[in-house]
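Scroll down for the structure; my scribbles are underneath it.
The values are calculated or read from the model by the stated rules, or taken from the named source; none is laboratory data. Bear in mind that the values here come from a model prediction, so they are computed numbers and not experimental data. Ideal geometry is used to build each Cβ from the backbone, glycine not excepted, and the neighbour counts take in all protein chains shown.
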Amino acid sequence: MKNFLFYFATVFIWGSTWIGIKLQLGQIDPVVSVAYRFALAAALLFIWCRFRKLRMRFTGNDHFFIALQGTFLFGFNYLLFYLAELQINSGLAAVIFSTILLMNMINGFLFLRSPLDRRVIIGGILGLLGIILVFRPEITSLSLNDESMQGILLCIVATYLASLGNILSARNQKHGLPVVQTNSYGMAYGAAIMLFIAIVTGKEFSIDTSFIYIGSLFYLSIFGSIIAFGCYLTLIGNIGADRAAYATLLFPLVALGISTIWENYHWSGSALCGVGLILLGNLLMLQRKKQTKAMDESLPEPSLETIEPGTVQPLRS
């Protein structure tokens, strides 16, 4: 049940953050806004960890891998997507980012030796086909000029960096590093990298004091960063990076649902067919989950003697 709640919290929160990101663009440079977002999120998480008296001391090797996770997942990933969306539309960016599902499967196999499940692969392919149908108008209207190709390349690199961040989170959890504390330091490292880039490139450190900018900044920091990433990365540790990444196919649908209400978005026949394919792929994922759970329940519970030192037993939904 916990995994179910984490999954849908991730989908609905990230499906609504496009509003906050849209409100951030304009007066403040994107790299500065990304730095503000994760600096605020890290500060709030450190306060929470202090209040809860959570363990905050880790080894130098632990900090190395936490910093890598933060650099990829809370830094360059966002910066490259911000830059890409200055050159291509958000629909195409959503389609490219959805390939993180397949990237996580491949990277999980290469770096974590996670098995490739045929049902998950088929579900992922159906979902990707569905997301292409949903955003078909944006894709077909693309002009393949130099700027567009640069934007596409930036999106591909950003998505791969995000996938590496997912795999690093799975690796860190397998080594017993808790999600909340890891995110605290990771977001701080990501913000520091963005601040460094802003300084080197001569960006202006100004602040938009309007209610819209400050409100969206807090929403992105608290809900889009602290809560959503906490749920999503916990899912990676619990159900694997491949199935957790299926959320990336669902939150664009939430965004379109919001757009239907607030921006009078009109659904086409291809978009509805795409939604059907995405839901079918999700059904395949859920069926695989039920089968795995049934197999787990048929096995005896591990005793303290059978658990190897330093290993982390996955939580059950």
Subject >> Condition broken by Leu54, with the remaining ones in (1) at pLDDT below 95; (2) of a type in the set (A, V, I, L, M); (3) assigned to a loop (DSSP other than H, G, I, E, B) satisfied >> reply: (1)
Original post:
Quick check, is Met187 assigned to a helix (DSSP H, G or I), of a type outside the set (Gly, Ala, Ser) and without any contact (Cβ under 8 Å) to a residue 24 or more places away in the chain?
Top reply: no
**OP:** Among residues belonging to region 1-18 that are assigned to a helix (DSSP H, G or I) and among the aliphatic types (A, V, I, L, M), point out the one that is farthest from Tyr219 (Cα to Cα).
**Re:** Leu5
Original post:
Just checking, which of Leu195, Leu153, Leu142 is assigned to a helix (DSSP H, G or I), at pLDDT below 95 and over 14 Å from the mean Cα position of the chain (by Cα)?
Top reply: Leu153
**OP:** Could you tell me whether region 66-78 includes any residue that is in contact with a Pro (Cβ under 9 Å, 6 or more places away or on another chain) and surrounded by 22 or more Cβ atoms within 10 Å (Cβ to Cβ)?
**Re:** yes
Subject >> Given (1) under 15 Å from Leu73 (Cβ atoms); (2) exposed (fewer than 15 other Cβ atoms within 10 Å of the Cβ); (3) polar (S, T, N, Q), index of the condition Thr209 fails >> reply: (1)
Original post:
Just a yes or no: is a residue in region 36-48 crowded, with 21+ Cβ neighbours inside 10 Å, in contact (Cβ under 8 Å) with a residue 40 or more places away in the chain and of a type in the set (D, E, K, R)?
Top reply: yes
**OP:** Among what's in region 236-271 and is of a type in the set (Val, Ile, Thr), crowded, with 18+ Cβ neighbours inside 10 Å and more than 19 Å from Leu110 (Cα to Cα), pick the residue that is farthest from the chain's Cα centre (by Cα).
**Re:** Val254
Original post:
Given Asn107, Asn89, which one is in contact (Cβ under 8 Å) with a residue 60 or more places away in the chain, in contact with a helix residue (DSSP H, G or I) (Cβ under 7 Å, 6 or more places away or on another chain) and of a type in the set (S, T, N, Q)?
Top reply: Asn107
**OP:** List every residue pair whose Cβ atoms sit under 8 Å apart, with the two residues 6 or more apart in sequence or on different chains, where the first one lies in region 245-260 and is closer than 24 Å to Leu161 by Cβ and the second, anywhere, is among the polar types (S, T, N, Q) and surrounded by fewer than 20 Cβ atoms within 10 Å (Cβ to Cβ).
**Re:** Val254/Ser16; Ala255/Ser16
**OP:** Return the pairs, sorted by first residue and then second, in which the second residue is surrounded by fewer than 18 Cβ atoms within 10 Å (Cβ to Cβ) and not in a helix (DSSP H, G or I), the first residue lies in region 269-294 and is of a type outside the set (S, T, N, Q) and modelled with pLDDT of 85 or more, the beta carbons are less than 9 Å apart, and the residues are 6+ apart or on different chains.
**Re:** Val275/Trp267
**OP:** From (1) part of a helix (DSSP H, G or I); (2) aliphatic (A, V, I, L, M); (3) at pLDDT below 95; (4) farther than 14 Å from Ile222 by Cα, pick out the condition that doesn't hold for Ala67.
**Re:** (3)
Original post:
Restricting attention to region 218-275, which residues are among the charged types (D, E, K, R) and assigned to a helix (DSSP H, G or I)?
Top reply: Asp242, Arg243
**OP:** Looking only at region 89-132, count how many residues are assigned to a helix (DSSP H, G or I) and under 18 Å from Trp18 (Cβ atoms).
**Re:** 10
